[in-house]
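Chemist: First the structure, then my questions, so here it is.
The values are calculated or read from the model by the stated rules, or taken from the named source; none is laboratory data. As the structure is a prediction and not an experimental result, all values here were calculated from the model. Calculation scope for accessible area: heavy atoms of the full protein, side chains included, ligands and nucleic acids excluded. Shrake-Rupley method; radii C 1.70, N 1.55, O 1.52, S 1.80 Å.
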Amino acid sequence: MTLTVRVISPDKTVWDAAAEEVVLPSTTGQLGILTGHAPLLTALDTGVMRVRANKNQNWTAIALMGGFAEVEENEITILVNGAEKGDSINLEEARAAFNQAETRLNQVQAEDRQAQIQATQAYKRARARFQAAGGMV
């Protein structure tokens, strides 16, 4: 038995296929989903989702930019603000964006809460894209 997995962003469906295993970046930590999982609704953090179509294949990485996931009767519906498959992300561009975001985060003054929040969000997005592209394991 397999899971039906759909990743939907505002502008496109990023993934719509069967899978054996899924690991989601929930706001409370990594969440593994297998067939027969109990019904669940969870908030997703910015991070990397990993999908494996079958036990003989490698994991597919997808950078998620926050959203929600619903699991019910071996169907996972993931609604996100944005998503990119790791194999479509340029590794060097992702590395440069990650380094730039990390530098910016380290330079932000603690007193400027708004700038700190924006820098943290930019850092998390850049890190997710870099990880999905295979830059960090």
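Chemist: Once ligands and nucleic acids are excluded and a 1.4 Å probe is used, how much of Lys12 is accessible, expressed in Å² to the nearest 10?
Modeler: Probe radius 1.4 Å; accessible area of Lys12 about 100 Å².
Chemist: Restricting to Cα pairs below 8 Å that are 6+ residues apart, what does the relative contact order work out to for the range 3-87? Please round to a whole percent.
Modeler: Worked out over the range 3-87, it gives 32 percent.
Chemist: Let me ask you something else. For a quick check: with amide H placed at 1.01 Å from N, whose amide H comes under 5 Å from Val48's, ignoring anything fewer than 5 positions away on the same chain?
Modeler: Leu64
Chemist: How far, in degrees from 0 to 90, does helix 91-107 lean away from the longest principal axis of the Cα atoms of the chain, to the nearest 10?
Modeler: In the chain, helix 91-107 runs at an angle near 50 degrees to the longest axis.
Chemist: Counting each DSSP H run of 4 or more residues in the chain as -39500 (n - 2.57), what helix-only mean residue ellipticity at 222 nm follows after dividing by all residues, to the nearest 500 deg cm²/dmol?
Modeler: Calculated mean residue ellipticity at 222 nm is -9000 deg cm²/dmol.
Chemist: Averaging the inverse of every distinct alpha carbon separation and then flipping it gives the Kirkwood radius. What is it for the chain, in angstrom units?
Modeler: 15.5
Chemist: In the full protein assembly as shown, how much of Glu21 is accessible to a 1.4 Å probe, in Å² to the nearest 10?
Modeler: Solvent-accessible area, nearest 10 Å²: 40 Å².
Chemist: Next up: Could you name the lysines in cross-link range of Lys124, using Cα to Cα under 25 Å and dropping any fewer than eight places away on the same chain?
Modeler: Lys12, Lys85
Chemist: For the range 34-100, divide the Cα radius of gyration by the Kirkwood radius and give the resulting Rg/Rh value with two decimals.
Modeler: Answer for the range 34-100: 1.04.
Chemist: Could you compute how fast the range 90-133 diffuses translationally, taking Rh as the Kirkwood radius over C-alpha pairs and applying Stokes-Einstein at 25 °C with viscosity 0.890 mPa s? Give it in µm² per second.
Modeler: D, rounded to a whole number, is 236 µm²/s.
Chemist: How many angstrom separate the Cα center of the range 89-107 from the Cα center of the range 1-16?
Modeler: 27
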